[in-house]
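Okay, so here's the structure we're looking at.
The values are calculated or read from the model by the stated rules, or taken from the named source; none is laboratory data. Please read all numbers here as calculations on a predicted model, not as lab measurements. Neighbour counts are summed over all protein chains in view; Cβ atoms, including those assigned to glycine, are modelled from backbone coordinates with ideal geometry.
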Amino acid sequence: MFEKGNLFYFKDYIFKNGNPPKNKFFLVLKTIENGFIAAILPTKVESLPSTIEKNHGCISFPEKCICCYYIPKDIPVTDNGFSFQLDTFLYAQHVFDETETNLFSTYQIEDIEFKGKLIEGEFEKIIQCFSNSILLPRKFRKDQFKL
């Protein structure tokens, strides 16, 4: 179920930092042995300076501590034509790991909606964007966790 490139929508996603649960998209970036996955939560929150031009794709300014993948609204991103209704941002520094066991013990299967598999070119651009970033958490830049 949690294969790389799969996009899900979680009802009442529970944040590790203790923020109140809310509905969230969840993108699997990599499956790792022993049931671990590397994932990211796409967001509508833009944390870019207003002086930076937004174009679909990687926005990287290491000197400003920015590494973001930007997806404009209404652009199909999955193999079944799904598109985000709002401009969407993925930030390299927010990549995290999770276990499938924890996800299945925390959520009912009906609370996880499969939205589609990212179009291969789109997915590869996200991985390339993040893989080259110093903002990607260190564990995802080495060994079996490497994106």
(message) Suppose we filter region 108-131 for residues that are aromatic (Phe, Trp, Tyr), part of a helix (DSSP H, G or I) and out of contact with any helix residue (DSSP H, G or I) (no Cβ under 7 Å at 6 or more places or on another chain); how many remain?
(response) 1
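Find the residue count for region 50-81, including only residues that are of a type outside the set (A, V, I, L, M) and either touching a helix residue (DSSP H, G or I) at 6+ places or on another chain (Cβ under 7 Å) or surrounded by 18 or more Cβ atoms within 10 Å (Cβ to Cβ) (or both).
Residues that pass the stated criteria total 8.
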(request) Kindly provide the set of residues from region 12-44 that are within 17 Å of residue 77 (Cα to Cα) and outside any loop (DSSP other than H, G, I, E, B), ordered by number. (result) 24, 25, 26, 27, 28, 29, 39, 40, 43
(request) Check 83, 47 and return the single one that is under 16 Å from residue 5 (Cα atoms) and assigned to a loop (DSSP other than H, G, I, E, B). (result) 83
(message) Checking residue 105 against (1) closer than 18 Å to residue 9 by Cα; (2) assigned to a helix (DSSP H, G or I); (3) more than 12 Å from the chain's Cα centre (by Cα); (4) touching a residue at least 12 places away in the same chain (Cβ under 8 Å): exactly one of these is not met. Which one?
(response) (4)
(request) Taking residue 122 as meeting all but one of (1) crowded, with 17+ Cβ neighbours inside 10 Å; (2) in contact with a Phe, Trp or Tyr (Cβ under 7 Å, 6 or more places away or on another chain); (3) at pLDDT 95 or above, write down the number of the exception. (result) (2)
